[in-house]
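Peer 1: Mind looking over this structure? Questions follow.
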Amino acid sequence: MYTIEEHDDNAKYNGFTDKVYRARRKEFADIAFNYKHGQQIPPVEYTEEEIKTWGKIFGELTKLYKTHACREFNHIFPLLVDNCGYREDNIPQLQDVSNFLKDCTGFTLRPVAGLLSSRDFLAGLAFRVFHSTQYIRHHSRPMYTPEPDVCHELLGHVPLFSTPAFAQFSQEIGLASLGAPDEYIQKLATCYWFTVEFGLCKQQGQIKAYGAGLLSSFGELQYALSDKPEVRAFEPIKTAEQEYPITEYQPTYFLSDSFEDAKEKMSAFAATIPRPFAVRYNPYTQSVEVIDKKDQISSLVHNVRGELGIIEDALRKLNG
């Protein structure tokens, strides 16, 4: 868990010199620390000032989404408005959003007090769990925060975690992290940074944003799609070595042709990670299976044949 102390250079942006704000953050931290898997996420009664901060961010970002966000994001966002209370005068509750996510892609939200270690955070993705904050950034800087907050999670991440192709891509990064050596965890975390957080994609000849760090930042969303930053093709082996700042706009972004293309490249990269086993997510048990025995492979092949049989039957009926 990462915490920001008063001497941190970013403390002024986080409001950690504001004693009232620090006390409020502790309330949110207590919710996360006391939460147990399987429980309902406790609702939060946000203050008028917190709702006002959310409203400023919501109002500015929604003006840009149609022209700057990828089509998958723009398809899902109205559904969040209709089903989860996304609007300028209301901060959605995590449990309502988690229920929506589970219906769409099987992902769920888990409250967290702040940033986790890369290994712990990525492991959550493997199990289709996204660790989400509930607190909101300090009201003095509504358009900037160097750490994730509820605006970043709900406006940046949630819409695309509701999309199957993107959810599968994100889970692929999580599965690749299980049992990986520390140096590869850093590489995976960097790939995550340049895709799930700050990724760009090409749609109908235009560059669009799909990274949550962009979709929750009014200023950087416009900057990323301008001619100012450098844009490179997403190649995990190269992307994993790229350094990046965390308190300013990115000088470099990475472009994917599609989520499917990014997923295939991540799968190929994951195959290079040295570990004596393979893993797969079992959606029926909602667990991750370690595959390191021949009988497990035989069972997997049997399951795949069954799935192929269903596809062949469907094709015959469509062509018949």
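The values are calculated or read from the model by the stated rules, or taken from the named source; none is laboratory data. Please read all numbers here as calculations on a predicted model, not as lab measurements. Using ideal geometry, Cβ is built from the backbone for each residue, glycine included, and neighbour counts are taken over all protein chains shown. These accessible areas exclude ligands, DNA and RNA; they are computed on the full protein's heavy atoms, side chains included. Shrake-Rupley method; radii C 1.70, N 1.55, O 1.52, S 1.80 Å.
Peer 1: Does region 270-287 contain any residue that is open to solvent by 60 Å² or more (accessible area, probe 1.4 Å) and at positive phi?
Peer 2: Within region 270-287, one or more residues are open to solvent by 60 Å² or more (accessible area, probe 1.4 Å) and at positive phi.
Peer 1: Being polar (S, T, N, Q), in contact with a Phe, Trp or Tyr (Cβ under 8 Å, 6 or more places away or on another chain), under 26 Å from D18 (Cβ atoms) and crowded, with 21+ Cβ neighbours inside 10 Å, is that true of even one residue in region 134-144?
Peer 2: Yes, region 134-144 contains at least one residue that is polar (S, T, N, Q), in contact with a Phe, Trp or Tyr (Cβ under 8 Å, 6 or more places away or on another chain), under 26 Å from D18 (Cβ atoms) and crowded, with 21+ Cβ neighbours inside 10 Å.
Peer 1: May I ask you to say which residue of A314, A278 is under 32 Å from the mean Cα position of the chain (by Cα) and within 22 Å of Q168 (Cβ to Cβ)?
Peer 2: That would be A278, the only listed residue that is under 32 Å from the mean Cα position of the chain (by Cα) and within 22 Å of Q168 (Cβ to Cβ).
Peer 1: With modelled with pLDDT of 95 or more, touching a strand residue (DSSP E or B) at 6+ places or on another chain (Cβ under 6 Å) and of a type outside the set (V, I, T) as the only criterion, which of K66, K102 stands out?
Peer 2: Being modelled with pLDDT of 95 or more, touching a strand residue (DSSP E or B) at 6+ places or on another chain (Cβ under 6 Å) and of a type outside the set (V, I, T) holds for just one of K66, K102, which is K102.
Peer 1: Now for a separate question. Being of a type in the set (A, V, I, L, M), outside any helix (DSSP H, G or I) and either touching an Asp or Glu at 6+ places or on another chain (Cβ under 7 Å) or within 19 Å of L215 (Cβ to Cβ) (or both) is true for just one of L160, L109, L154, L125. Which residue is that?
Peer 2: Going through L160, L109, L154, L125 in turn, just one is of a type in the set (A, V, I, L, M), outside any helix (DSSP H, G or I) and either touching an Asp or Glu at 6+ places or on another chain (Cβ under 7 Å) or within 19 Å of L215 (Cβ to Cβ) (or both): L109.
Peer 1: Might you let me know whether region 105-119 holds any residue that is farther than 27 Å from F16 by Cβ, charged (D, E, K, R) and open to solvent by 40 Å² or more (accessible area, probe 1.4 Å)?
Peer 2: no
Peer 1: While we're on this one: Whether any residue in region 242-254 is open to solvent by 50 Å² or more (accessible area, probe 1.4 Å) and either more than 28 Å from R137 (Cβ to Cβ) or not in a loop (DSSP other than H, G, I, E, B) (or both) is what I want to check.
Peer 2: Looking through region 242-254, none of the residues is open to solvent by 50 Å² or more (accessible area, probe 1.4 Å) and either more than 28 Å from R137 (Cβ to Cβ) or not in a loop (DSSP other than H, G, I, E, B) (or both).
Peer 1: Further, regarding this structure: Restricting the search to region 118-140, which residues are touching a Gly at 6+ places or on another chain (Cβ under 8 Å) and of a type in the set (D, E, K, R)?
Peer 2: Passing the criteria: R128, R137.
Peer 1: Every residue in region 31-41 that is open to solvent by 20 Å² or more (accessible area, probe 1.4 Å) and either of a type in the set (A, V, I, L, M, F, W, C) or touching a residue at least 40 places away in the same chain (Cβ under 8 Å) (or both), please.
Peer 2: Passing the criteria: I31, F33, Y35, H37, Q40.
Peer 1: Please note which helices (runs of 4 or more DSSP H) are completely contained in region 170-239 and include at least 1 residues that are under 26 Å from V150 (Cα atoms) and small (G, A, S).
Peer 2: 182-192, 212-215, 218-224
Peer 1: Any residue at all in region 240-247 that is in contact (Cβ under 8 Å) with a residue 60 or more places away in the chain and not β-branched (V, I, T)?
Peer 2: No, because not a single residue in region 240-247 is in contact (Cβ under 8 Å) with a residue 60 or more places away in the chain and not β-branched (V, I, T).
Peer 1: Got a number for residues in region 43-52 being part of a loop (DSSP other than H, G, I, E, B) and either of a type in the set (F, W, Y) or touching a residue at least 24 places away in the same chain (Cβ under 8 Å) (or both)?
Peer 2: The qualifying residues number 3.
Peer 1: Among the residues of region 85-96, how many are in contact with a helix residue (DSSP H, G or I) (Cβ under 9 Å, 6 or more places away or on another chain), open to solvent by 10 Å² or more (accessible area, probe 1.4 Å) and at negative phi?
Peer 2: 6
Peer 1: Test Q206 against the stated conditions and say whether it is more than 17 Å from the chain's Cα centre (by Cα), open to solvent by less than 50 Å² (accessible area, probe 1.4 Å) and farther than 30 Å from V304 by Cβ.
Peer 2: no
Peer 1: Another question about this same structure. Is region 97-104 home to any residue that is under 18 Å from E72 (Cβ atoms), of a type in the set (D, E) and open to solvent by 20 Å² or more (accessible area, probe 1.4 Å)?
Peer 2: For region 97-104, residues under 18 Å from E72 (Cβ atoms), of a type in the set (D, E) and open to solvent by 20 Å² or more (accessible area, probe 1.4 Å): present.
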